[in-house]
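The values are calculated or read from the model by the stated rules, or taken from the named source; none is laboratory data. The structure displayed is predicted, hence computed values, not measured ones. Glycine also receives a Cβ, built like all others from the backbone with ideal geometry; neighbour counts cover every protein chain displayed.
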Amino acid sequence: MRKILFTVASILILNMGFALASDNAPHEPKSIKILTSQIYTMLGENIIPNEIRGSLAEIRIAVDEGNHLRVLSIETDNEALRKFLKTSIDFKKINKGTYKKGIVYRIPIEVRK
């Protein structure tokens with residue numbers, strides 16, 4: 001009798017563990033992915049100069065109270081790319097999303113050749 005009770009109890013405990021482990025909450029895309037896609041769309045709307053093709057950069061941006069992008073820093077060796085990024089995305093309004101105010105986002109950018 002003890003073995004049967006022990007077996008039933010262990011089966012119930014394992015089933016509860018499996019039931020609690022499965023999380024059926026809907027998956028929301030991360031805000032950095034949404035923000036990155038909006039930035040790439042903004043950059044794609046402009047004509048890309050030939051002198052920045054093949055260049056790399058890493059930008060640090062934040063979202064302010066009015067859902068505007070604020071460029072904090074741009075790390076690159078190409079001065080033309082720095083100017084292009086600054087004029088293309090600084091103070092631009094982004095779509096509404098779940099962006100946390102005061103968080104610094106780091107986004108790598110590579111301009112195709």
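Values as computed for the structure displayed
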read-out: Inter-residue pairs, beta-carbon under 7 Å, first closer than 14 Å to residue 82 by Cα and in region 42-63, second among the polar types (S, T, N, Q) and exposed (fewer than 13 other Cβ atoms within 10 Å of the Cβ), 6+ apart; value: 60/73
read-out: Some residue of region 21-32 being exposed (fewer than 10 other Cβ atoms within 10 Å of the Cβ), at pLDDT below 85 and assigned to a helix (DSSP H, G or I); value: yes
read-out: Within region 78-105, considering residues that are hydroxyl-bearing (Ser, Thr, Tyr) and under 17 Å from the mean Cα position of the chain (by Cα), the one nearest to residue 57 (Cα to Cα); value: 105
read-out: Test set (1) over 19 Å from the mean Cα position of the chain (by Cα); (2) exposed (fewer than 15 other Cβ atoms within 10 Å of the Cβ) - residue 70 fails condition number; value: (1)
read-out: Selection count, region 82-113, where residues are among the β-branched types (Val, Ile, Thr), closer than 12 Å to residue 71 by Cβ and assigned to a loop (DSSP other than H, G, I, E, B); value: 1
